[in-house]
Each structure stands twice: as C-alpha cells, then as structure tokens.
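> What follows is a single structure, and I will ask about it in a moment.
The values are calculated or read from the model by the stated rules, or taken from the named source; none is laboratory data. In this text, all values refer to a predicted model and were calculated from it rather than measured experimentally. Cβ sites come from the backbone with ideal geometry, for glycine too, and all protein chains shown count toward neighbours. What goes into the accessible areas is simple: the full protein's heavy atoms, side chains included, and nothing from ligands, DNA or RNA. Shrake-Rupley method; radii C 1.70, N 1.55, O 1.52, S 1.80 Å.
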Amino acid sequence: RGAPAEREVASVCPYCGVGCQVGFRVRENRIVEVVGRDGPANRNRLCVKGRFGFDYVAHPDRLTRPLVRIEGAAKDPADCLDPARARTKFREASWEEAMERAAAGLARIRDTHGPGALAGFGSAKGSNEEAYLFQKLVRTGFGTNNVDHCTRLCHAASVAALLEGIGSGAVTAPFTAAADADLILVIGARPTENHPVAATFLKDAARRGATLVVADPRGNGLDRFAAEVLRFAAGSDVALLNALLHVVVTEGLYDRQFVAARVDGFEALRAHLAAYGPEAMERVCGVPAAQLRRVARLYARARAALILWGMGISQSVHGTDNARALIALALLCGQVGRPGTGLHPLRGQNNVQGASDAGLIPMMFPDYRRTGDSTARAFLEELWGARLDPDPGLTVVEILDAALRGEIRGMYIMGENPAMSDPDAAHARAGLARLEHLVVQDLFLTETAALADVVLPASAWPEKDGTVTNTNRQVQMGRKAVEPPGEARQDLAIIVEMARRLGLGWSYAHPREVFAEMARAMPSLAHITWERLEREGSVTYPCPAPDAPGEEIVFRDRFPTPDGRARLVPAGLSDPGEMPDAEFPFILSTGRELEHWHTGAMTRRAAVLDALEPAPTASLAPAELRRLGLAPGARLRVATRRGAVECTARADPAVPEGMVFMAFAYREAAANLLTDPRLDPLAKIPGFKFCAARVEPA
Ligand code: SF4
C-alpha cells in the first residue's frame, strides 16, 4: 500500500460462494489493493473480506519449501494448537524427496492393504480443474471412491434433498432473481455476515417493495428490512415449515395446475400434513399460529417468490428433512421455473458448487452420476483409461472415523483443514494422528498439516489460473496475479506429479487442457470453453449454445428427472440432536462471522480482518450473561460432552436465551472441539447448529 499499483488482474474473490469478480492490483509481485469489478454476481460491490482479506497471500507464515516429518517425531494432536512446536518435528526437503516420500507411502498402503485403506480430501477453495483432477487421481490412482470435501459439512443435505425432489442439486435461480420477486423467504441463512454482497441484492429488492420474510432462531442482519421475522426455536425447522405447508394445503392455496402437471406425491403429503396444524406447531417452534398462517398465505399468493437458505437448514441431523420441506413449499405453490421464483441454497465456499459438480464427492462421479451407474462408469473408464470402483466411498466424517479405527491408513489432503472443521475435532485429530501416512498440500502449516508426514507448499488463489463456479451456477475465470513464494508450486502441477508417481501417465501442462477434458466428461459444461471464459469472464450453466448466455432460471417446463416430474417427500419431526439437560443446559450453535472465513487460515492472516475480530468470543443474550454473573469481555468456559474451550464473553441481543453462539475460525478456542459428530442419516452432514453445552466463568 502507498505507491500506486503497476497493473490490475481480473479474477474472482477467494472467499464465499457469491463469487464477486475482483481486480487484484499488483506492485512488485505483491497485491496492494483489491477492487470490485462488474461481475454478474457483484456489480462492482465487495464485502470486507473481499476488499481486505488478501494479506495471507504474502504472509511470512507461507510455506516455501516442502517439509517431511523428522524420523521418530511423534504425531501429537496437541501440536495442532502449537504451530511452533509442530514445526520442530519437520525438516525441509527437496521437491524430489518430498514427492517420492509422499507417493511411495500412498502406493505402499494401496498395494499392501488395498485401495480402501486410502482416502483423499480435496477442497472447495481450489479451482474446478484442481477438484476434477484430484477426484480423478483418487478414483484411478488410489483405486477408491473415498474422496470428499467440505461440501459434506456445508450443503450436503440440501443437495441430497434437491436431487431426490427435483433431480438437480444446484440452485434453480440466481440470488439476483430477487430483483423480479415480490416475496423473498430467507431461512437459516445470514447473508449479511456470510454472503454480504448477495445480501445487498436482497436489501435492494426489499427497498423496491418486495416482501422479505426472515426465519432464524437468532436475530438476523436482514430483520430490519423484513416484513415478517420468524424467530423459531433452534432445531424446529420441520415444525415451522410443515405448519406453512399445512396452511397451504388446507386453505387450498396451492397451485393446482402446477402440481397436477409437474409434481408427484401430493396426496401422501396432504395426509402427512394433517397433524401439523399451526396451532400444534406453535408449541414446537415458538412462532405464533397467526403469524404462521399469515406467512403461508403471503408466500402462496405471491406472484413470484424466491427461497434462499443456508447452513441453518443444512447443518442438522435432520438437514435433509429441512430441505425437503422447503422444496415441498416451492413445488406446492408453483414457485419454481419462472423469473423471481426459485430454490437457492446459498453455497458457502467460493467453489463448493464447482468442486461438487466436478465429482469431488464419494458417491457420484462428475455431474452427479452415481458410482453404481454402469453406463456412467463405462463412459468414464473409457475416457480415463482406468477401472472404476462401483461402490460409493466414505464421506468426510466417516473417513476420519475409519482412520481412528485403523481402517483408513493413508490420506492425501489438499487445501482442507479437518483438524479445525470437523465435528468433535479432538476425535478428528486423533484419527489424523493415527494415519500411517498423511500428505497435506496447503499454504500454511495448518492444524491438519501439523499431523502430516509430508507437507507440500501450494499456491494461493491469486497465484494461479483456473475456473470456479459460484452459488449462481456462474462459471468464472480466475487469473494469476502474482508468483508463488519460494519453491511453492501450483496445486495442479503437484496433483499431476503425484499421479505420475502413482503410475498414471498424465501430462496436463495447463488448466485449459483439464477444462477441455472436463467439458467432455460433464454435459453441464456444454458450450462453455476456456477461451470463452477468458473472453467473457463468466458464463452460467446450463448454456444452450456457444454464443448464448447461460440459463439463469431453469426447469421452466420440466425437471431433470426421468419423467420430468418433481417429487414431494414428507418430513417428520425428530430431535435436533443432543438435547440440553441439567448438566449441559445451553444449546451451542456454531458458524461463521463476517470478518473471518471458516478455519481462519486466510482471514486471520489478513491485518484489517484480524484487527476487526482479533480473538474468539462466545455470544450470549445479555440476560444470560447477567444470570451467569459475567460481564461482557469476561473470560468464560464453554463445555460439552466432547471438550471445553475458554474465550471472551460477548453480549449479543440477537442470541436467544438458552443459546451460546461461537465462530469456528479460532484455533485457540476451536468451537469444533465441542460440536457433536452425529450425522444426518442420508446426507452424512453433522449438526453443527445444535448440541448441549454448559457455560460458566473461566
Ligand atoms: Fe468475496 Fe463473498 Fe465478500 Fe463477495 S461477498 S467479496 S465473494 S467474501
């Protein structure tokens, strides 16, 4: 900062799924400023992370040479808390030595114990090309489908329900469809914190006159723009949504024509909903029956209504049921497939949509073709020149469980930090420490890398070319702005080198070659080429022709199911997880905050963001703090049946009494040491938003 930049490179923000286009302003191989560009998702706007979150790229903590574990240096989960101590257990190595050791260890386990003893975690922070190649490496080089990434901790439940209900896991409309909506329902999402630029479009719509309905157990930054605020009890999503559905059905507000023409399962859902009247559900969800009736009528009678949801819906042990009920609401009311309507699960990471599309999930190949689908398998076996396992692999939490049991013995982790992001992190760290061989590819000696055998220094997003796909299905071009430090290498080159050493004869020289192969493997990318993205910056999929814009609103006439019809799936009530009791009387809810992104590896190394939120806090209602005898700013301890952490008390009127909220970005008070690892049975996503906790003075 100071002297003017020498050049500006057009790229995409590396943080959230909004996918704001940015200009990296560079001087002497350093980013000195980031500005917003006129991308379709941001129209020159940026939030505080996009604007100020770039110091991590040139941070002195960056890994600049490969590291290998010193012989005899024990893997101790306590090293996750102490990077300096962790560093003493490694020595620097040449790339040749590190890659040889990394690949030989994985090959030995594969050849001795079979492919099922290996697993890989890719990353939603890498490019589409990296995600595609990483899953291809695990499936063809390791020989297993044990490959997953943080989508399992994010929107797995939404995708499971959407695939089941309408045959596609992606959004049916961009969040900018809010401009054409006359009602917008935001539930279990906090866009002002987690998708701030998307929030500006929602605020624009509300100012224009659209009816905004916000449903959240906590006070929400959008509340003051909302016509209706539904403060429902944590974990009672299905009760709330079934009450809305009940009103729609019993008052005859549903779209008969749409349901008859395009939807199956109406009669079964109608029968199921009989028990979910608003008066009965008021006692469960805490929202007055009159308000439930009012909101149901508003939604059903809206000319065009859009639903946006987030982790509050999906990160639940009944996340799939939550999403099923939302999907049913839109289908019953015919609020899909027209301008201003739609279902939009706001994607978390910048490329979680693209990484999932590219096949970085254990039960599906690229473009969501199931591993058991023999036609899809035969096509990919031909394209990839390798045999593929028909059995689905293990998911994120299942893989670390298997590691702890000694069944998974080796892992390759690229850009993920499960030692911080997995539920019951002590358990996850123990699983990582038990691995015979762990290879971690990252920018820093993260909490996960602290338990590795080999650490490979990788490249930051502004150091590489590649495409990413945002929450709106917009495939966008990221461009290299600066060189990586020291000997750090491009992730794509590291994956290709790993594949070569595992016996695969890969020779991709540039991401455009990978993208060209992806376009052959993935019909969703039809008419989207690297050259077109270089020229246009962003193209939405699906795209009907080489010179046509992509389709923002999909499923106008039919759903992508075998018969073109959608399916209503009834959802019932169940416990939201570990219930509070006398010993642990609070509900612990975890999530993000505006200034820090996920496990904090990037944003806590950004000076402005770190200055804004420098330390971990636990937020409670002011009345709860008074009851506990705690002043704001005092030290407190939050404990669950998994562990305890200490941090600073924050008084937050947005938090309901009986709840404590913590962000999961802070190593020194890692919220995931506390969270409950039980999973949604279908989507295998943990319930990060609900477990029993105790709060006391430290
Ligand atoms: Fe980056 Fe998301 Fe902020 Fe846009 S809204 S600048 S994509 S973090």
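> Considering only region 558-608, how many residues are of a type in the set (A, V, I, L, M), surrounded by 14 or more Cβ atoms within 10 Å (Cβ to Cβ) and within 20 Å of Asp237 (Cα to Cα)?
The total comes to 6.
> OK, next. Does region 23-58 hold any residues that are in a loop (DSSP other than H, G, I, E, B) and open to solvent by less than 50 Å² (accessible area, probe 1.4 Å), and which are they?
Gly39, Pro40, Ala41, Asn42, Leu46, Cys47, Gly53, Phe54
> Check off (1) open to solvent by 50 Å² or more (accessible area, probe 1.4 Å); (2) within 15 Å of the ligand (Cβ to nearest atom); (3) in a helix (DSSP H, G or I) for Arg85 and give me the number that stays unchecked.
That leaves (2) as the condition not met.
> When you scan region 612-635, how many residues do you find that are more than 16 Å from Ala671 (Cα to Cα) and in contact (Cβ under 8 Å) with a residue 12 or more places away in the chain?
Number satisfying all stated conditions: 13.
> Within region 301-326, which residues are assigned to a helix (DSSP H, G or I) and buried (at least 24 other Cβ atoms within 10 Å of the Cβ)?
Within region 301-326, Met311, Gly312, Ile313, Ser314, Gly319, Thr320, Asp321, Asn322, Ala323, Arg324, Ala325, Leu326 meet the criteria.
> Let me ask another. I'd like to know if region 531-548 contains one or more residues that are at pLDDT below 95, open to solvent by 20 Å² or more (accessible area, probe 1.4 Å), more than 24 Å from the chain's Cα centre (by Cα) and not small (Gly, Ala, Ser).
yes
> Restrict the check to region 138-159 and report whether at least one residue is within 21 Å of the chain's Cα centre (by Cα), under 24 Å from Ala302 (Cβ atoms) and in contact (Cβ under 8 Å) with a residue 12 or more places away in the chain.
For region 138-159, residues within 21 Å of the chain's Cα centre (by Cα), under 24 Å from Ala302 (Cβ atoms) and in contact (Cβ under 8 Å) with a residue 12 or more places away in the chain: present.
> Would you tally the residues in region 160-172 being under 18 Å from the mean Cα position of the chain (by Cα) and under 17 Å from Met364 (Cα atoms)?
Residues that pass the stated criteria total 7.
> Could you list all residues from region 182-191 that are farther than 25 Å from Asp321 by Cα and within 11 Å of the ligand (Cβ to nearest atom)?
Of everything in region 182-191, nothing turns out to be farther than 25 Å from Asp321 by Cα and within 11 Å of the ligand (Cβ to nearest atom).
> Right, here's the next one. Among what's in region 346-378 and is without any contact (Cβ under 8 Å) to a residue 24 or more places away in the chain and either assigned to a helix (DSSP H, G or I) or among the polar types (S, T, N, Q) (or both), pick the residue that is nearest to the ligand (Cβ to nearest atom).
This residue is Ala376.
> Is at least one residue of region 382-389 touching a residue at least 40 places away in the same chain (Cβ under 8 Å) and closer than 21 Å to His149 by Cα?
Looking through region 382-389, at least one residue is touching a residue at least 40 places away in the same chain (Cβ under 8 Å) and closer than 21 Å to His149 by Cα.
> So Ala428 clears everything in (1) out of contact with any strand residue (DSSP E or B) (no Cβ under 9 Å at 6 or more places or on another chain); (2) open to solvent by 10 Å² or more (accessible area, probe 1.4 Å) except one condition, right? Which one?
(2)
> Now, a different point. Could you tell me whether Val34 is within 16 Å of the ligand (Cβ to nearest atom) and either within 22 Å of the chain's Cα centre (by Cα) or more than 24 Å from Gly126 (Cα to Cα) (or both)?
Judged against the criteria, Val34 is not a match.
> Identify, from the list Ala654, Ala692, Ala670, the residue that is among the hydrophobic types (A, V, I, L, M, F, W, C) and crowded, with 24+ Cβ neighbours inside 10 Å.
Ala670
> Identify the single condition in (1) within 14 Å of the ligand (Cβ to nearest atom); (2) in contact (Cβ under 8 Å) with a residue 24 or more places away in the chain; (3) under 20 Å from Gly126 (Cα atoms) that Val9 does not satisfy, given that it satisfies every other one.
(1)
> Those residues that are under 15 Å from Ala177 (Cβ atoms), in contact with a strand residue (DSSP E or B) (Cβ under 7 Å, 6 or more places away or on another chain) and within 16 Å of the ligand (Cβ to nearest atom), I need them from region 192-218; list them, please.
Matches in region 192-218: His195, Leu202.
> If you don't mind, there's one more thing I want to ask. For region 517-528, give me each residue that is in contact with a strand residue (DSSP E or B) (Cβ under 9 Å, 6 or more places away or on another chain) and more than 17 Å from Leu133 (Cβ to Cβ).
Hits for region 517-528 are His527, Ile528.
> If you don't mind, there's one more thing I want to ask. Between a first residue in region 235-258 that is hydroxyl-bearing (Ser, Thr, Tyr) and at pLDDT 95 or above and a second residue that is open to solvent by less than 10 Å² (accessible area, probe 1.4 Å) and in a helix (DSSP H, G or I), which pairs have beta carbons less than 7 Å apart while being 6 or more apart in sequence or on different chains?
From region 235-258, the pairs are Ser236/Cys285; Tyr254/Val248; Tyr254/Leu332.
> Determine whether region 665-677 contains at least one residue that is without any contact (Cβ under 8 Å) to a residue 60 or more places away in the chain and of a type outside the set (A, V, I, L, M, F, W, C).
No: region 665-677 contains no residue that is without any contact (Cβ under 8 Å) to a residue 60 or more places away in the chain and of a type outside the set (A, V, I, L, M, F, W, C).
> Those residues that are in contact (Cβ under 8 Å) with a residue 24 or more places away in the chain, open to solvent by 40 Å² or more (accessible area, probe 1.4 Å) and within 19 Å of Arg110 (Cα to Cα), I need them from region 498-520; list them, please.
Correct list: Arg501, Gly503.
Yes/no matrix, rows are residues, columns are (1) over 21 Å from Gln476 (Cα atoms); (2) in contact with a Gly (Cβ under 8 Å, 6 or more places away or on another chain):
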{"residue": "Glu6", "(1), (2)": "yes, no"}
{"residue": "Ala10", "(1), (2)": "no, yes"}
{"residue": "Cys16", "(1), (2)": "no, yes"}
{"residue": "Val22", "(1), (2)": "no, yes"}
{"residue": "Ala41", "(1), (2)": "no, yes"}
{"residue": "Leu46", "(1), (2)": "no, yes"}
{"residue": "Val57", "(1), (2)": "no, no"}
{"residue": "Pro60", "(1), (2)": "yes, no"}
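> Which ones in region 37-70 are more than 14 Å from the ligand (Cβ to nearest atom) and of a type in the set (D, E, K, R)?
Asp55, Asp61, Arg62, Arg65, Arg69
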